[in-house]
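Everything on this sheet refers to the single structure shown next.
Nothing in this text is a laboratory measurement; each read-out follows from the coordinates by a stated rule. Since we're looking at a predicted model, the values are computed, not measured.
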Amino acid sequence: MSASLLEVEGLNVTFPGRGGETRAVIGASFTLGRERLGIVGESGSGKSTTGRALLGLIPHPGVVRAKRMSLGGLDLMGLGEEGWLKLRGRRLSMVMQDPKYSLNPVLTIGRQIEETLRLHRSASRQEAKRRAIAMLDAVKIREPDRVYHSYPHQLSGGMGQRAMIAMMLIAEPDLLIADEPTSALDVTVQNEVLRILDDLVAERGMGLIFISHNLPIVSGFCDRVLVMYGGRIVEELKASELGNAKHPYTRALIEAVPSLDRPKERLSVVKRDPRWLA
């Protein structure tokens, strides 16, 4: 693994409620170099909450605590709101899973991409437009000038997702968090988006956190994998060795994946064990 870009130790995210405190992330610790780190697990396992905590996006009354959470030596736990506003988009960015809910429907794609660049890089309007169109071209969008002037509803799901990636990368961040970036796309477009992310990470030397429930995609795309269950990281291993996972929860997830080569009458069911959270 390359030198650490991100260091997380003892991350906890909690939400108060009438029935008591809900612990969404419990004692998560990991490091990230300039590599592709996958985080997998079922819905509700804490994957997306971990990603949002890293960007200071846990809404009130949620509480984030950690022994250590730093990006390139910068203490993220010590940041106030002004510090987060300067950091998000500039050094840390996040691609959400569905552009329909992430893109502003009343602003053109070009204006939304330019906003990040002008905020963090102080580019002129002309320079921002030039770089926005170049970024759309970099994410393999045909006719980038036309898409620059388009509104989100005029784009397909795949084009909208690429536009989101362009928006998050225009300011050249050190770390990109991709939260289920291919879940709403068909298989062909999924592969294209993964190739774009792979090329951009390699060319720009970024760190990438790839959040997904799709184990086959993660095993073929990422360098390392964290497996989350009930808010905890229960296993960490190389992505290429995911098929040799030891933890019973990881094994259960693998067994539950449908296979075209070995079709089953019934898919395996994940049978949980309270000891997994001990």
* To do: Report P(r) for the chain: all Cα-Cα distances, bin width 5 Å, range 0 to the bin holding the largest distance, values in whole percent.
  => 1, 5, 12, 16, 18, 16, 13, 10, 6, 2, 1, 0, 0
* Asked: Roughly how many Å is it from the Cα centre of the range 178-210 to that of the range 55-108, as a whole number?
  -> 20
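For the range 99-172, what is the convex hull volume of the alpha-carbon atoms per residue, in Å³?
Looking at the range 99-172, the number lands at 74 Å³ per residue.
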* Kindly flag which residue pairs out of LYS47/LYS100; LYS47/LYS246; LYS47/LYS271; LYS67/LYS238 have an alpha-carbon separation exceeding 23 Å in this structure. => LYS67/LYS238
